[in-house]
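What follows is one structure encoded as structure tokens, with my remarks underneath.
Each value in this text was obtained by applying a stated rule to the coordinates, not by laboratory testing. Keep in mind it's a predicted model, so treat the numbers as computed, not measured. Using ideal geometry, Cβ is built from the backbone for each residue, glycine included, and neighbour counts are taken over all protein chains shown.
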Amino acid sequence: MTGFLIQGVSVLGAAPSDLVLRDGFVVSAPDGTEDVVDGSGLVALPGLVDLHTHLREPGREDAETVETGSRAAALGGYTAVFAMANTSPVADTAGVVEQVWRLGREAGLVDVQPIGAVTVGLAGKQLAELGAMATSAAGVRIFSDDGFCVADPRLMRRALEYVKAFDGIIAQHAEEPRLTEGAQMHEGEVSTRLGLTGWPAVAEEAIIARDVLLAEHVGSRLHVCHVSTAGSVEVLRQAKARGVRVTAEVTPHHLLLTDELAASYDPVFKVNPPLRTAADVAALRQALVDGVIDVVATDHAPHAVEDKECEWAYARPGMLGLETALSIVLSVLGERWDLIADRMSRTPARIAGLDGHGTDLAVGSPANLTLVDPSARRVVDPAELASRSRNTPYTGTTLPGRIVATFLRGEPTVLDGKAVK
Amino acid sequence: MIKHLRSAADLDLATATLILDTAGEMAALAGREVKKLPTLRGRTVVNLFYEDSTRTRISFEAAAKRLSADVINFSAKGSSVSKGESLKDTALTLQAMGADAVVIRHSASGAPHRLASWVDGSVINAGDGTHEHPTQALLDAYTMRSRLGRLAGLRVAIVGDVLHSRVARSNVLLLTTLGAHVTLVGPPTLVPRDIAAALSPATKVSYDLDSVLPDMDVVMMLRVQTERMQDSYFPSAREYSRRYGLDLARMRKLPEHAIVMHPGPMNRGMEIAPEVADSSRSTIVEQVANGVSARMAVLYLLLGGKA
């Protein structure tokens, strides 16, 4: 195992110093055998942790695999990603989550932590074997039917209660299904003009309001996926003020893009929950700074070309996120490195109970980190992405920041801006 | 001249007026023994219809043929990507065949916008989902101008299922451009509350048809699908008809000169009473005839004809 000496790097924006990585940890002094990495002008962050990734394997390997998604993650500065359960077959058994976990370890680019389905087949009828997934090799702690809402209040209550036995957490895709039948985009002026069926903000807010009350009632933890509206922020703010154990995530695209983009009818901008208004974007940004929203999670959702090059109504919702997330957050928050480390590394690792990630780069810490060149600018070209899919909404956009290197347990997964394998 | 007609918003006042004036010249042709112009000889117009619509397809077909274009009818039933060829592959096929214009009717809003990004020819929206139907708005405006002599300052009520109506959207946009004043009328479940902000800030909204009628020059009744009842947009066809249907008693509330329009096909007895549909105020049959003239004008101008 080679050691690395990163010279003159700024840890979280502090004055330049040297970082030494050996045997998977940050150590105090070099021994002269290390490979040297020039860290001048670079900022070191603890390796990013994504609580919400779709890797598509098993089932849609034409859109993404654990390996290609892992490479995209490493290039985005991530050292751990949580893989959503809506694969085919669904990750609702110990067998499937162990398969995904094993594929992740084999790829060896990021720690792939499977999320288990809450209900069998994501059908919302009956609890999946949550305990079996928790005690499997994958050690599942987060459970989600993402893509679907656990809409049945009684089932949601049971799920919240049941996972307490193994310190699990339910991550809810908040979408009241009866209010969003046939929905294509945010319900508002733009949907009215475009003649696309609306996805009203209240469909998200009503479920979050219900779920924070349920979590409070049974004393459980709740995590809310991809919060997208100003109203949801207010519900969360009040719940947190009351002491409800709720955490929430926002996606990079909901921090930047608005529903006006649907006017092109280009489904690359179709996503669930949908892009909202500029007022929602402003509220989400403020909530992320305030901590009402705890983390940024990508909801990286690769889709094959034929699922996007079609009529808006027939396209699948979702957009790529892993390789652009940090740049988007940089453009939204500016170079507030401690805040970025908090929202993209420390807090997601803490919510997930993931040891070895999200720890600051002190001597003795696990050497999971990423090096960012904040002065670099790049124009997003879908052809250059490591993801197997091309559905980025940022094509042609100039974004700040570039990931120069990423280390997983002291081993480089990215060097000179390129994946090592 | 614009290249595509995807939305009534593609038309500014000058362009819209030019199309209406040209439609007038085309209408004069209909009175002649030989109803044909050589203008589009050698040009190919494809009617790409993903939804059944005999009247609109025939109208476009007649319009293209009267201009001597070669017409290809491409009817693609079962429009989802899961069934058969994708819209993009179809577009590439039409492109390879050298279509000069593609007239598209599709159940998905925005399909003409997607198509226009894949073909070199002109794309004409013949109705897309619940979005727009701009040639219907043109023939409606033409009909109003023929009957009432002007468009600027006209007061027009559009009544019914505005939420799902592509006819309503295109009419609001075009009539506003042409200087008319539009009031949308229907139950609150079927008139989006942000419709004025979405389309044109001057648009008025009312939930009370009786109070609106005495001030109108034109009342346009929209088709209301009885399926909407199953989805609780209104309680029953009977109640809808009582509150928003145009019967003889309501028609008498209109000023003497006012006209009654309907894009068809009508639900007689639902949104419009048979005696109203067949009255002298009704322009429903004229609208069909004017449809051919308006579509001739659109094809003629978009394909490079000189007015």
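Taking every residue in B:155-164, how many Cβ atoms of other protein chains lie within 10 Å of its Cβ, on average? It would help to have the intermediate numbers written out before the result.
Details: counts 0, 0, 0, 0, 0, 0, 0, 1, 4, 2.
Partner Cβ neighbours, averaged per residue: 1.
Can you work out the FRET efficiency for the pair A:SER17 and A:GLU106, with r the C-beta to C-beta distance and R0 = 35 Å, to the nearest 0.05?
Numbers: r = 35 Å, r/R0 = 1.00.
In this case the efficiency is close to 0.50.
To the nearest 10 degrees, how steep is helix A:66-75 against the longest Cα principal axis of chain A, on a 0 to 90 scale?
The answer is roughly 60 degrees.
What shape does region B:134-283 take by its C-alpha gyration tensor, where a ≥ b ≥ c are the square roots of the eigenvalues and a/c under 1.5 counts as rounded, a/b above b/c as prolate, and the rest as oblate? Display every interim value, and only then the final one.
On the way: a/c = 1.60, a/b = 1.16, b/c = 1.37.
The shape class here is oblate.
Cut-off is 10 Å between beta-carbons; in what order do B:VAL224, A:VAL163, B:VAL34 appear when sorted fewest neighbours first?
B:VAL34, A:VAL163, B:VAL224
If I model a spin label as a point 7 Å beyond the Cα along the Cα-Cβ vector, how far apart are those points for B:ARG238 and B:SER200 in nm?
Going by the 7 Å Cα→Cβ label model, 3.8 nm.
What order do you get for B:ILE195, A:ILE351 when you list them from fewest to most C-beta neighbours inside 10 Å?
Numbers: B:ILE195 20, A:ILE351 24.
With the sparsest Cβ surroundings first, the list reads B:ILE195, A:ILE351.
Classify region A:46-357 as rounded, prolate or oblate from the Cα gyration tensor: take a ≥ b ≥ c as the square roots of its eigenvalues, call it rounded if a/c is under 1.5, otherwise prolate when a/b beats b/c and oblate if not. Kindly include the intermediate steps, with their values, before the conclusion.
Working: a/c = 1.24, a/b = 1.14, b/c = 1.08.
Note, shape of region A:46-357 comes out rounded.
A:ALA241 to A:ALA123: FRET efficiency via 1/(1 + (r/R0)^6), r the Cβ-Cβ distance, R0 41 Å, to the nearest 0.05? Each step should come with its number before you reach the end.
On the way: r = 35 Å, r/R0 = 0.86.
For A:ALA241 and A:ALA123, the calculated efficiency is 0.70.
What distance in nm separates the two pseudo spin-label positions at A:LYS164 and B:GLN225, each 7 Å out from Cα along the beta-carbon direction?
4.8
Rounded to the nearest 0.05, what FRET efficiency is calculated for B:MET1 and B:VAL34 with R0 set to 45 Å and r the Cβ-Cβ distance?
On the way: r = 27 Å, r/R0 = 0.59.
Using R0 = 45 Å, I get an efficiency of 0.95.
Does region B:194-285 classify as rounded, prolate or oblate by the C-alpha gyration tensor (a ≥ b ≥ c root eigenvalues; a/c under 1.5 gives rounded; else a/b over b/c gives prolate, otherwise oblate)? Display every interim value, and only then the final one.
On the way: a/c = 1.61, a/b = 1.07, b/c = 1.50.
Cα axes put region B:194-285 in the oblate bin.
Quick one: of A:LYS308/A:LYS418; A:LYS164/A:LYS308; B:LYS3/B:LYS35; A:LYS125/A:LYS164; B:LYS3/B:LYS65; B:LYS65/B:LYS88, which pairs are farther than 30 Å apart, Cα to Cα? Intermediate results must be reported in sequence, preceding the final value.
Values: A:LYS308/A:LYS418 28 Å; A:LYS164/A:LYS308 40 Å; B:LYS3/B:LYS35 26 Å; A:LYS125/A:LYS164 20 Å; B:LYS3/B:LYS65 20 Å; B:LYS65/B:LYS88 27 Å.
Listed pairs above 30 Å: A:LYS164/A:LYS308.
Mark the label point 7 Å from the Cα of A:GLU176 along Cα→Cβ and return the residues of region A:209-241 whose backbone N is within less than 19 Å of it.
Zone members listed by number: A:209-216, A:224-239.
With angles folded into 0 to 90 degrees, how steeply does helix B:284-302 sit against the dominant principal axis of chain B? Use alpha carbons for both and round to 10.
40
I'd like to compare A:382-390, A:208-216: which one has the highest average count of other Cβ atoms within 10 Å, and what's the full order after that?
On the way: A:382-390: 18.0, A:208-216: 21.1.
Highest mean packing first, the order is A:208-216, A:382-390.
Out of the trypsin sites (Lys or Arg not before Pro) in region B:52-140, which ones are loop residues according to DSSP with at most 16 other C-beta atoms within 10 Å? Before the final figure, lay out each step's value.
Values: sites: B:ARG55, B:ARG57, B:LYS65, B:ARG66, B:LYS77, B:LYS83, B:LYS88, B:ARG105, B:ARG114; in loops: B:LYS77, B:LYS83.
Hits after loop and neighbour filter: B:LYS77, B:LYS83.
Let me check against my output: what whole-number percent is the relative contact order of region A:34-187, with C-alpha pairs under 8 Å and at least 6 apart?
Details: 277 pairs, mean separation 27.0, N = 154.
Averaging sequence separation for qualifying contacts and normalising by length gives 18 percent for region A:34-187.
Rank these for me by crowding, A:LEU408, A:LEU361, going from fewest to most other beta carbons within 10 Å. Display every interim value, and only then the final one.
Numbers: A:LEU408 26, A:LEU361 22.
The most exposed by this proxy come first: A:LEU361, A:LEU408.
If I fit a long axis through the Cα atoms of helix B:87-97 and take the longest principal axis of the Cα atoms of chain B, what angle between them do I get, 0 to 90°, rounded to 10?
Computed tilt is about 50 degrees.
Using Cα pairs under 8 angstrom and six or more residues apart, how large is the relative contact order of chain B, in percent?
21
Quick one: Karplus J couplings for region B:17-27, per residue in order, coefficients 6.51, -1.76, 1.60, θ = phi - 60°, nearest Hz, x for Gly and Pro?
Karplus-based 3J(HN,Hα) across region B:17-27 equals 5, 4, 5, 5, 5, 5, 4, x, 5, 5, 5 Hz.
If I take every Cα pair under 8 Å that is 6 or more residues apart in chain A, average their sequence separation and divide by the length, what percent do I get for the relative contact order? Numbers along the way, then the final one.
Working: 1061 pairs, mean separation 82.9, N = 421.
Once normalised by length, the contact order is 20 percent.
Please list, in order, the residues from region B:277-307 whose amide nitrogen is less than 17 Å from a point placed 7 Å along the Cα→Cβ vector of B:THR17.
B:307
Points 7 angstrom from Cα along the Cβ direction at A:LEU213 and B:GLU256: gap in nanometres?
Distance between the two pseudo-spin positions: 6.2 nm.
Counting only DSSP beta bridges with both residues in region A:46-357, what percent are antiparallel, rounded to the nearest 5? Mind dumping the intermediate values first?
Details: 1 of 24 bridges.
Of all bridge pairs located within region A:46-357, approximately 5 percent are antiparallel.
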